[in-house]
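The next block holds one structure in the form of structure tokens; read it before the comments.
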Amino acid sequence: MKLACQLLPYEEIFSIAFSLAVTLYLKLFGLFEEEWGFMDWIQQLVNGISLGSIYALIALGYTMVYGIIKLINFAHGEVFMIGAFVGFYAIAGWGLGFFPALIIAMAVCAGMGMLIERVAYRRLRGSTRIAALITAIGISLFIQYLFIYFRGAQPEAYPEVISNQTYNILGAQISSQSLMILGTSIVLMIVLQFIVHKTKIGKAMRAVSHDMDAARLMGINVNTTISATFAIGSSLAGAAGVFFGVYYTKIEPLMGVIPGLKAFVAAVLGGIGIIPGAMVGGLVLGVVETVVSGLGYSLWRDAAAFVILILILLFKPSGIFGKNAREKV
Amino acid sequence: MFFKKRMTAVLLASTIGAAGFLAGCGSDSAGGGESGDTVKIGANLELSGAVASYGEGIAEGIELAVDEINKDGGIDGKEIEIVKVDNKSDAAEATNAAIKLTENDDVVAIIGSATSGNTVAQAQVANNSETVLLSPSGTSPNVTVNDDGSLNDFVFRTSFIDPFQGTVAANFAANELGVKNVAIYADNASDYAKGLAASFKETFEAAGGKIVAEESYVAKDTDFRSTLTRIKSANPEFIFIPGYYEEVGLIVKQGREMGIDVPLMGADGWDSPKLVELAGGDSLNNTFITNHYSSGDPDETIQSFVTKFGEKYNGSSPDAFNALGYDSVYMLKDAMERAESTSDAKKIKDALAETKDLTLVTGIISVDEDHNPIKSATVLEYKDGEQVFKTKVNP
């Protein structure tokens with residue numbers, strides 16, 4: 001990133017971005033005035049937060065892994081996909097309820113994350129970062145197509161596990177599903193904060209992230225700690241997969257690609273390597289996407305996410321929560 | 001696997017049949033299609049691959065029609081012989097299959113393929129070799145008419161074209177449902193959906209209705225709530241959603257959750273059991289689709305077809321592809337009888353172009369100057385996840 005910044009004509013970009021921002025603001029403001037009532041705002045906010053909390057859960061895994069071994073784990077989206085399918089089979093095949101299915105999906109994904117780390121990344125720990133990055137992309141494609149090979153590419157419809165009632169709050173329609181998803185994500189995030197800050201393994205994770213060699217000298221088992229990080233991050237992605245299935249119904253083997261990339265944007269937006277940053281980044285991204293399509297620019301929604309990525313990388317590469325001397329994980 | 005075996009058997013049988021004939025007669029059958037006492041018709045279908053279910057459906061319909069015609073003495077005293085080729089749901093394979101059918105098998109006409117793309121891939125071969133090409137279910141306008149507006153002389157179809165479904169939906173909304181303010185929510189990634197949306201808009205506005213919201217999505221999207229919120233705030237009385245079942249299922253489900261309870265309508269892209277799984281039977285109540293045909297239509301021709309089909313295929317109920325495959329054979333038979341030839345492709349294609357008021361299972365067909373049939377479309381309503389015949393709309 002540093003290199004790119006030096007090469008680019010900063011002032012020019014800034015002036016273009018500024019004029020763009022002004023036009024966009026005026027345009028949006030005009031639209032809000034004429035079209036949106038208070039009720040629509042609430043509704044769109046609810047839509048955005050529900051989507052954002054799924055992004056946030058996936059982004060947490062990205063950010064934790066990056067924080068500890070400086071690797072962008074592109075196979076993370078596939079862990080999310082596997083979580084969705086494990087949840088699906090647990091619900092549709094074994095007839096389990098939402099919470100047992102969620103726990104099974106999280107457990108399987110935790111194992112999956114550790115396996116990926118053990119098989120693909122551990123051997124490359126000493127090599128260049130680009131080698132590990134390319135391996136991550138390879139693993140991602142490998143999982144996608146292995147999955148298609150064994151079960152085909154056809155989508156599945158998630159069974160309705162949470163009875164879906166709709167509540168009318170301030171004129172907005174809020175479904176019990178989105179409340180459940182939001183509540184469970186918040187609980188998971190609190191648990192994560194507790195693990196990272198109050199437990200021994202959390203302390204080890206913070207230490208390894210700060211300085212791997214020093215941590216090793218202090219007697220911390222670095223391999224176990226990294227495995228644990230992958231396990232925790234992947235289990236959150238698995239939970240996000242189950243939420244996604246419940247909320248959006250349709251799951252398929254390539255479903256992890258776009259949410260995976262969006263979550264990556266969310267992680268960068270919040271400041272990659274910083275846990276609260278991933279949560280905030282996910283929610284912000286969800287709300288921005290919702291507002292963009294809610295204003296009638298639905299075809300620009302995905303573009304909006306990546307424009308955010310580019311702008312953040314240009315102007316504040318360390319993200320919203322980033323400081324110069326970063327405190328990682 | 002079973003099907004592949006059957007396929008091989010059919011191919012083998014037809015090859016042996018042809019070889020036997022050649023040996024017995026000792027003459028080459030060049031000169032197009034007529035081999036003594038049979039009429040050779042090729043079937044270039046998707047018997048494996050992504051849309052194998054379409055091709056198989058058409059093949060079943062064709063077989064039923066051929067059995068019937070041959071039992072009644074064939075066309076002009078000659079039995080029909082079908083040469084089936086699998087194009088593996090692939091455009092390049094469809095071209096190869098068409099070359100094989102025209103050069104090696106000397107067919108006079110080809111029925112196929114199920115999708116527009118695979119039919120377009122054979123159009124050139126059909127025109128060059130002067131073989132009639134009849135697509136049972138290729139609904140894209142550019143099957144018969146090229147992009148530059150020129151007509152594919154030898155290419156015809158049995159189904160109506162995509163934009164026609166938009167017209168039918170608009171008429172249904174304006175006349176049967178009596179709505180005035182409607183919204184359109186179309187798949188921006190598909191020409192099919194865009195064509196339907198455009199013709200719906202044109203017809204509906206001509207009928208005095210108003211389009212209060214026009215939104216788009218892109219195939220593979222999963223989150224439609226924000227756009228649906230926007231549509232809802234425009235207060236439409238009816239929403240037209242041309243698209244395919246994967247996204248439509250989610251749109252219907254999410255829309256109903258947000259309290260959009262107005263009638264929703266789409267076209268044959270909705271027609272899949274997956275739609276019901278994705279949306280849920282409850283959400284689909286008060287939604288309508290246009291389709292080629294319904295086995296629940298009380299019409300006499302249709303009911304007799306349903307009975308005959310059930311007798312041949314263990315009581316199963318024929319779908320639109322079965323009906324279109326069946327009709328394709330009868331459309332060719334009608335043209336051959338009027339042309340008074342079973343071997344001259346030029347005469348047959350001229351007769352096909354003049355098809356008028358021919359009563360078939362999927363409607364009464366007249367072919368227009370663009371080689372597109374003018375026929376009625378069926379409107380179906382979803383009731384607790386089941387398609388129920390609603391009405392028939394004439395063009």
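Coordinate-derived values only; no laboratory data. Because the structure is a prediction, the values reported are computed rather than measured. In this analysis, Cβ positions are derived from the backbone assuming ideal geometry, glycine residues included, and neighbour counts consider all displayed protein chains.
Quick look at the numbers
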{"item": "Label zone at residue A:119 (point 7 Å along Cα-to-Cβ), backbone N below 19 Å, region A:236-259", "result": "A:237-238, A:253-257"}
{"item": "Residue order, fewest to most surrounding Cβ atoms within 10 angstrom, among B:230, A:122, A:206", "result": "A:122, A:206, B:230"}
{"item": "Cross-link pairs beyond the 22 Å C-alpha cut-off, checked among B:180/B:201; B:308/B:347; A:250/B:274; B:232/B:274; A:250/B:390", "result": "B:308/B:347; B:232/B:274; A:250/B:390"}
{"item": "At R0 = 51 Å, FRET efficiency that the Cβ-Cβ distance of residue B:142 and residue B:314 yields, to 0.05", "result": "0.85"}
{"item": "Per-pair calculated FRET efficiency, R0 = 30 Å: residue A:130 and residue A:254 via Cβ, rounded to 0.05", "result": "0.75"}
{"item": "Relative contact order for chain A, counting Cα pairs under 8 Å that sit 6 or more residues apart, in percent", "result": "33"}
{"item": "Alpha-carbon centroids, region B:261-280 and region B:96-126: separation in whole Å", "result": "33"}
{"item": "Likely footprinting exposure, B:237, A:117, fewest C-beta neighbours within 10 Å first", "result": "B:237, A:117"}
{"item": "Where GluC sites (Glu not before Pro) fall in DSSP loop in region B:312-362, at most 15 other Cβ within 10 Å", "result": "B:340, B:354"}
{"item": "Chain B: DSSP helices with Cα axial extent of at least 24 Å and average Kyte-Doolittle hydropathy no lower than 0.0", "result": "B:2-25"}
{"item": "Cα centre as origin, Lys/Arg/Asp/Glu Cβ charges: region B:251-374 dipole, Debye", "result": "300"}
{"item": "Span-like helix ranges in chain A, DSSP H, alpha carbon extent 30 angstrom or more, Kyte mean at least 0.0", "result": "A:10-35, A:38-69, A:129-151, A:176-198, A:222-248"}
{"item": "Simple spin-label estimate for residue A:148 and residue B:364 in nanometres, 7 Å along Cα-Cβ", "result": "4.8"}
{"item": "Amide H partners (placed H, <5 Å) of residue A:250, local residues excluded", "result": "A:158"}
{"item": "Net charge dipole size for region B:163-291 [Lys, Arg +1 and Asp, Glu -1 on Cβ; Debye, nearest 20]", "result": "280"}
{"item": "Inter-label distance, nm, simple model (7 Å from Cα along the C-beta direction), residue A:162/residue B:68", "result": "5.3"}
{"item": "Relative packing of peptides B:98-109, B:207-218 - highest average C-beta neighbours within 10 Å first", "result": "B:98-109, B:207-218"}
{"item": "Calculated on alpha-carbon atoms, Rg and Dmax of region B:163-291 in Å", "result": "12.9, 36"}
{"item": "Long-range HN-HN contacts of residue B:186 with modeled amide H, under 5 Å", "result": "B:215, B:216, B:217"}
{"item": "Cβ-based exposure ranking for B:386, B:300, in which fewest neighbours within 10 Å come first", "result": "B:300, B:386"}
{"item": "Reach of residue A:198 by Cα under 19 Å, taken over aspartates and glutamates that are not fewer than 8 positions away in the same chain", "result": "A:327"}
{"item": "Sites residue B:235 and residue B:388, calculated FRET efficiency, Cβ-Cβ separation with R0 30 Å, nearest 0.05", "result": "0.60"}
{"item": "Selected from B:82, B:132, B:281, residue furthest toward positive end of dipole (chain B; charges at beta carbon)", "result": "B:281"}
{"item": "Test item: Cα-centred dipole of chain A, Lys/Arg +1 and Asp/Glu -1 on Cβ, debye", "result": "1460"}
